[in-house]
Amino acid sequence: MAEATPEMVPAQYAKDQVDVEPVDDQFSLISDATPTGVKNIEAVSQTWTQSSLIAAYLGIFLVAFCTSLEGQTTTNLTVFATSAFKEHSLVATVYVVQGVVNAVIKPPMAKIADVFGRLEAFSISVFLYVIGYVQMAGSNNVKTFASAQIFYSAGSTGLQILIQIFVADTSDLLNRALFSSLPDLPFLITVWIGPPIANSLLAHTSWRWGYGLWTIVLPTAFMPLALALFLNMRKAARLHLLPPSPWKGQSVVGGFKHLWYELDVMGLLLLSATFALILIPLTLAATAKSHWHNASIIAMIVIGCGCLVVFPFWESTRKLAPQPFLSLRLLTNRNVLAGCGIGFFYFAVFYTSIQPYFYTYLQVVEDDSITAAGHIVQTFTFTSTVTAVCISVVIKFTHHFKYYITAGACIYLMGVGLMIRYRSLGSSTGQIVGTQIAMGIGGGMLNVPAQLGVQAAVSHSDVAAATAIFLTIVEVGGAVGSAISGAVWTANVPSKLTKYLPPDAQSDAALIFGNLTIAKSYINGSPERLAIDRSYQETMDVLLIVAACLAAPLIPLSLLMRNYKLDSIDQKVRGMVIGHDRAQDEGATEVQGDGGEARRKGFLGRFSR
């Protein structure tokens with residue numbers, strides 16, 4: 001751990017640079033306009049000791065393990081929850097709602113973390129998470145279940161982005177890819193134990209308890225991280241390192257005015273309205289052709305597009321948005337735009353090729369059990385996690401990231417092509433798993449390096465916003481992919497069932513389409529089961545062709561990214577960070593405060609370059 005210096009080292013940008021352009025001029029010194037939450041975490045960073053930072057990262061890992069296990073368990077329960085309401089086909093709508101909320105909530109949560117503080121934002125996310133699962137466990141219809149995704153997704157995606165922001169707060173660029181991938185390590189275990197847990201819950205209790213138990217587990221898992229942040233915040237206060245409260249001496253009206261500008265409320269509303277008013281109507285219209293004649297659907301899309309046009313003008317006007325969430329320098333930064341484009345298509349492909357209907361396909365067409373289908377689907381997650389960690393280590397020692405993004409884009413596209421060839425009737429389980437592994441390798445080389453490339457192009461005061469916009473666009477891609485999947489599945493499966501089912505079973509087409517359990521109930525080899533298998537297979541073929549088209553732009557987007565040399569970039573991080581600073585070769589840093597002076601040994605020197 002070392003203390004980052006505020007000075008620039010211009011000579012470093014000219015040294016050993018190949019195909020590297022100077023970092024944009026956003027690396028100006030952090031001004032007094034730096035949000036209070038950023039100042040607070042910088043003050044807290046000056047109080048970290050080796051033990052306290054290790055405790056904080058153990059807390060991060062515990063929260064990540066809990067949310068990972070929850071995700072791997074409940075993913076296998078969604079189809080049974082929707083089937084219990086006789087609405088299995090709406091599983092795509094559930095994923096779309098999740099994707100839209102995930103996209104909408106990231107910018108406000110990042111802004112809350114910047115304005116109020118990291119601990120406060122973490123606490124809000126955990127609260128929303130618990131509320132969502134309480135509602136899901138008690139839901140009696142698919143509408144209530146889908147609406148619960150609003151709270152659940154707000155909480156889970158808040159935790160996701162806050163973990164990445166915390167990593168950015170406490171690590172330098174050279175080590176950030178590695179530490180950003182650490183929260184994904186639990187997937188190496190949870191992908192295998194999640195499906196059996198889901199199977200056991202369904203066998204001995206019900207899918208409701210599969211959601212309800214996390215209302216107890218997550219708050220318990222959050223306590224170590226909350227305690228580490230709280231104690232170091234108190235230590236920073238004792239050392240008089242915390243900035244003065246911006247609310248001190250403010251009237252009620254002045255406080256609301258300050259909060260309005262600090263949170264950039266109108267900018268966040270415009271951005272949220274853009275995503276919600278475009279994605280949700282498109283999904284509803286796509287899954288039912290008659291909805292295109294609904295005036296409210298058209299009106300929402302028009303208003304959403306209008307918000308999309310107004311948003312950049314609002315953010316670039318200093319009088320309207322003196323503290324914009326997305327400054328013009330982010331909206332015009334090549335690395336940010338290219339990286340966000342990569343994230344968009346990466347997730348769009350995932351949600352057309354793997355989620356949400358691959359699991360259904362495996363259970364019906366391949367006749368796999370709940371556990372086996374879950375394991376096959378999660379092979380992608382396992383492989384991509386291993387690959388991401390390996391690539392992060394490689395990035396640390398090579399100091400570059402662009403090459404791996406381009407290679408990952410090529411492998412990802414190849415994996416989709418292999419799926420078209422081998423995800424078919426008659427293919428072996430090994431062939432299907434092999435395509436998942438290929439996709440996972442490509443995905444692992446794309447996601448973490450692309451996020452690192454976006455973060456490398458901005459200063460520390462913009463890291464939360466840049467990370468938020470990257471993860472937001474990733475979720476938008478997922479929502480778009482889910483919308484496409486839902487539209488293709490809804491448009492194709494019912495008509496094909498009506499076409500292929502024997503005459504005496506055609507009246508059951510709607511029941512078969514709406515309930516996974518009924519679709520699986522027909523005997524293998526029977527005319528009804530053959531018709532069901534053929535309908536599912538032909539629809540899956542369409543989805544994979546769409547996925548291949550969506551994967552194609554990844555390669556040119558990867559070539560657009562600048563190839564920064566990570567050890568030559570100073571992001572103006574104040575306080576203690578994991579890594580090694582040029583000015584700290586002696587392995588010691590000083591923490592100054594009105595309450596005294598403390599010398600601390602450099603932390604995790606084995607990670608220093």
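Right, residue 314: at pLDDT 70 or above, more than 17 Å from residue 104 (Cα to Cα) and outside the structural domain of residue 462 (by TED's automatic domain parsing) or not? Criteria met by residue 314.
Among the residues of segment 155-178, the one identified as outside any helix (DSSP H, G or I) and buried (at least 24 other Cβ atoms within 10 Å of the Cβ) is 172.
Residue pairs whose Cβ atoms lie under 8 Å apart, separated by 6 or more positions or on different chains, with the first residue in segment 462-481 and at pLDDT 85 or above and the second assigned to a helix (DSSP H, G or I) and charged (D, E, K, R), do not occur. Kindly check whether there is at least one residue in segment 221-238 that is in a helix (DSSP H, G or I), touching a strand residue (DSSP E or B) at 6+ places or on another chain (Cβ under 9 Å) and small (Gly, Ala, Ser). Looking through segment 221-238, at least one residue is in a helix (DSSP H, G or I), touching a strand residue (DSSP E or B) at 6+ places or on another chain (Cβ under 9 Å) and small (Gly, Ala, Ser). Where residues in segment 351-367 are assigned to a helix (DSSP H, G or I) and out of contact with any Phe, Trp or Tyr (no Cβ under 8 Å at 6 or more places or on another chain), which of them is farthest from residue 429 (Cα to Cα)? Among residues in segment 351-367 that are assigned to a helix (DSSP H, G or I) and out of contact with any Phe, Trp or Tyr (no Cβ under 8 Å at 6 or more places or on another chain), the one farthest from residue 429 (Cα to Cα) is 352.
Scanning segment 404-427 for residues that are touching a residue at least 40 places away in the same chain (Cβ under 8 Å) and in a helix (DSSP H, G or I) yields 404, 405, 406, 408, 409, 410, 412, 413, 416, 417, 419, 420.
How about segment 547-568: which of its residues are among the aliphatic types (A, V, I, L, M) and either surrounded by fewer than 20 Cβ atoms within 10 Å (Cβ to Cβ) or touching a Gly at 6+ places or on another chain (Cβ under 9 Å) (or both)? The answer is 547, 548, 550, 551, 552, 554, 555, 557, 559, 560, 561. The single residue among 197, 161, 216 that is out of contact with any Leu (no Cβ under 8 Å at 6 or more places or on another chain) and either within 25 Å of residue 475 (Cβ to Cβ) or of a type outside the set (Ser, Thr, Tyr) (or both) turns out to be 216. The residues listed here are 486, 478, 434, 430; of these, the one that is within 14 Å of the chain's Cα centre (by Cα), farther than 30 Å from residue 399 by Cβ, in the same structural domain as residue 117 (by TED's automatic domain parsing) and in a helix (DSSP H, G or I) is 478. Here is the figure for segment 179-217: residues that are farther than 30 Å from residue 441 by Cα and part of a helix (DSSP H, G or I) total 15. Applying the criterion of being assigned to a helix (DSSP H, G or I) and of a type in the set (Ser, Thr, Tyr) to the residues of segment 41-58, the residue that is surrounded by the most Cβ atoms within 10 Å (Cβ to Cβ) is 45. Might you check whether a residue that is in a helix (DSSP H, G or I), under 16 Å from residue 215 (Cα atoms), assigned by TED's automatic domain parsing to the domain that holds residue 151 and modelled with pLDDT of 75 or more occurs anywhere in segment 94-114? Checked against the condition, which is being in a helix (DSSP H, G or I), under 16 Å from residue 215 (Cα atoms), assigned by TED's automatic domain parsing to the domain that holds residue 151 and modelled with pLDDT of 75 or more, segment 94-114 yields no hits at all.
Look at (1) surrounded by 23 or more Cβ atoms within 10 Å (Cβ to Cβ); (2) in a helix (DSSP H, G or I); (3) among the β-branched types (Val, Ile, Thr) and you find that residue 458 fails only one, number (2).
Of the residues making up segment 141-154, just one is touching a residue at least 60 places away in the same chain (Cβ under 8 Å) and surrounded by 22 or more Cβ atoms within 10 Å (Cβ to Cβ), namely 145. If you check residue 283 against the conditions, is it at pLDDT below 70, out of contact with any Leu (no Cβ under 6 Å at 6 or more places or on another chain) and not assigned by TED's automatic domain parsing to the domain that holds residue 451? Against the criterion (at pLDDT below 70, out of contact with any Leu (no Cβ under 6 Å at 6 or more places or on another chain) and not assigned by TED's automatic domain parsing to the domain that holds residue 451), residue 283 qualifies.
Listed here are the residues, each with its yes/no results for (1) more than 27 Å from residue 43 (Cβ to Cβ); (2) assigned by TED's automatic domain parsing to the domain that holds residue 447; (3) under 20 Å from the mean Cα position of the chain (by Cα).
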{"residue": "184", "(1), (2), (3)": "yes, yes, yes"}
{"residue": "190", "(1), (2), (3)": "yes, yes, yes"}
{"residue": "193", "(1), (2), (3)": "yes, yes, no"}
{"residue": "200", "(1), (2), (3)": "yes, yes, no"}
{"residue": "205", "(1), (2), (3)": "yes, yes, no"}
{"residue": "211", "(1), (2), (3)": "yes, yes, no"}
{"residue": "215", "(1), (2), (3)": "yes, yes, no"}
{"residue": "229", "(1), (2), (3)": "no, yes, no"}
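In segment 322-356, which residue that is of a type in the set (Val, Ile, Thr) and touching a Gly at 6+ places or on another chain (Cβ under 9 Å) is modelled with the lowest pLDDT? Only one residue tops the list, namely 336. Considering only residues in segment 368-387 that are in a helix (DSSP H, G or I) and among the polar types (S, T, N, Q), the one that is nearest to residue 198 (Cα to Cα) turns out to be 371. In segment 339-347 there is at least one residue matching the filter, namely being under 21 Å from the mean Cα position of the chain (by Cα) and among the aliphatic types (A, V, I, L, M).
Please work out if residue 590 is of a type in the set (D, E, K, R), at pLDDT 80 or above and outside any loop (DSSP other than H, G, I, E, B).
No.
Scanning segment 387-403 for residues that are surrounded by 24 or more Cβ atoms within 10 Å (Cβ to Cβ) and free of Cβ contacts under 8 Å to residues at least 60 places away in the same chain returns a single hit, 387.
The values are calculated or read from the model by the stated rules, or taken from the named source; none is laboratory data. In this text, all values refer to a predicted model and were calculated from it rather than measured experimentally. FYI the Cβ positions are ideal-geometry reconstructions off the backbone, even for glycines, and counts take in every protein chain you see.
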